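First comes the structure, then the notes that go with it.
Read-outs: derived from the displayed coordinates by stated rules, not from any lab. All figures in this text were calculated on a predicted structure; none of them were measured in a lab. Methodologically, a virtual Cβ is constructed for each residue, glycine included, from the backbone with ideal geometry; neighbour enumeration extends over all protein chains shown.
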Amino acid sequence: MRPEFPAALRASIPVLMGYLVLGFAFGLLLSTQGLGWGWALGMSVVIYAGALQFAAVGFFAAKVGLVQIAIATLFINIRQAFYGLSLLKKFADTGWRKPYLIHALTDETYALLTTIKPAEGLDEKWFAFFLSMLNHSYWVTGSVLGALAGNAFHFDTRGVAFSLTALFIVLAMEQYKTRRQILPYVIGAVASTVALMSVSSKNMLIVSIVLSLVMMFALRSRVEAGGKRDV
């Protein structure tokens, strides 16, 4: 076993606790549409996008068309195209692991990859691969278990989808504790508030992302100065 695996396992524990619960919640919701564990397994392996998978349950219930689903998917997941650019250098020269690293990049994995630096002597590329694989496995396991339980027992699933928001909050707090830089969070809060007041809830996410990027570039010198002070 490569030494990067236990290091990645330790680093992934917060996501383990969140993804098992979140995946279980998704599996439960999916079972309310009469879909079995095979659907949960397939969606979690191939799609692997928490917010989108939760939204997909609503799509199934409303019998939404493929065009609407494609548009919604673009708006829900387009944020990854923005923050994924910052990992181009980290994923360079990763060989056969690169396609999977791109596929397995989620908000939570991104948060860990940009916050945790492997110990000296460990290969950063293998660490990123094992971390991504472990996080993916947690999500798949949780969703399959949730679908199995949902089809075997009756659950009241009201409010279950909030667990995804709860995990985002915890990870944001962990990132702040690591970097101690408040400006990016203020920018995110202001951009989100402006977007929420300006456009419909369906378009709020993409507008808030664009506003955040504009503000981050406008205040780039202050953000970078704050990062240097943290180091």
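As a proxy for reagent exposure, ranking D123, D107, D93 by other Cβ atoms within 10 Å from fewest up yields D93, D123, D107.
Rounded to the nearest 20 debye, the dipole magnitude of the stretch 1-106 is 220 debye, with +1 charges on Lys and Arg beta carbons, -1 on Asp and Glu beta carbons, and the Cα centre as origin. Computed from the Cα positions only, the extents of the chain along the three principal axes stand at 53, 52, 30 Å, in decreasing order.
Selection among S143, A51, A104 by position relative to the dipole of the stretch 4-178 gives A51 as farthest towards the positive end (Cβ unit charges, Cα centre).
Using the Kyte-Doolittle scale, find the helices of the chain whose mean hydropathy is at least 0.0 and whose Cα atoms extend 20 Å or more along the helix's long axis, counting only whole DSSP H runs. Present the calculation step by step, with values, prior to reporting the outcome.
Values: long enough: 13-31 (27 Å, 2.11); 124-152 (42 Å, 0.56); 162-179 (26 Å, 0.68); 183-198 (22 Å, 1.65); 204-218 (21 Å, 2.78).
Correct list, ordered by number: 13-31, 124-152, 162-179, 183-198, 204-218.
Please order S212, S143, S31, S201 by the number of other Cβ within 10 Å, starting at the fewest.
Going from least to most buried by this count: S201, S212, S31, S143.
Dipole of the stretch 45-148 computed with +1 at Lys/Arg Cβ and -1 at Asp/Glu Cβ about the Cα centre; of G121, L87, I71, farthest Cα towards the positive end is I71. Between W37, I169, V21, the Cα set farthest toward the positive side of the dipole of the chain (charges on each charged residue's Cβ, about the Cα centre) is that of I169.
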